[in-house]
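Encoded as structure tokens, the structure appears first; notes follow it.
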Amino acid sequence: MNHRELVEALFEEFDQNNDGKLSKREFRELITCMLGEHGLETSSRIFDRFDTDHDNAITREELVDLVIEYAI
């Protein structure tokens, strides 16, 4: 499985309502899962930085950009 496939699987897992976007709540759950409670403090800053179209959601492409930049 390559990096993109891993990100796609991660996105699918946390896109609970299957709308093709991660809401702030869904994104917070993803970050908490990956980073534990310490991630809660930074999840809003990360979310705001990567919500490049400012639609208050993280798209698949925005998540790919996040993963590539932070090498998560």
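The values are calculated or read from the model by the stated rules, or taken from the named source; none is laboratory data. Being a predicted model, the structure only gives us computed values, none of them experimental. Note: accessible area is taken over every heavy atom of the protein model, side chains too, but ligands, DNA and RNA are not part of it. Shrake-Rupley method; radii C 1.70, N 1.55, O 1.52, S 1.80 Å.
Binning the alpha carbon pair distances of the chain at 10 angstrom intervals from zero yields the distribution 22, 60, 18, 0, expressed in whole percent.
Close amide-amide hydrogen proximity is noted between Thr59 and Leu22, each under 5 Å apart and 5 or more residues distant or on a separate chain (H modeled in the peptide plane; Pro and chain starts excluded).
With helices as the sole contributors, the chain gives -20500 deg cm²/dmol at 222 nm; each DSSP H run of n ≥ 4 counts as -39500 (n - 2.57), and the sum is divided by every residue.
Remark: region 1-67 carries 62 Å² of accessible area per residue (probe radius 1.4 Å; ligands, DNA and RNA excluded).
The 3J(HN,Hα) values that the Karplus relation (6.51, -1.76, 1.60; θ = phi - 60°) gives for region 61-68 are, in residue order, 5, 5, 5, 4, 4, 4, 5, 5 Hz. Gly and Pro appear as x. Rounded to the nearest whole Hz, the Karplus-based 3J(HN,Hα) values (6.51 cos²θ - 1.76 cosθ + 1.60, θ = phi - 60°) of region 7-15 follow the sequence 5, 4, 5, 4, 4, 4, 4, 9, 7, with x at glycine and proline.
For the chain, the carbon plus sulfur part of the accessible surface works out to 52%, probe radius 1.4 Å.
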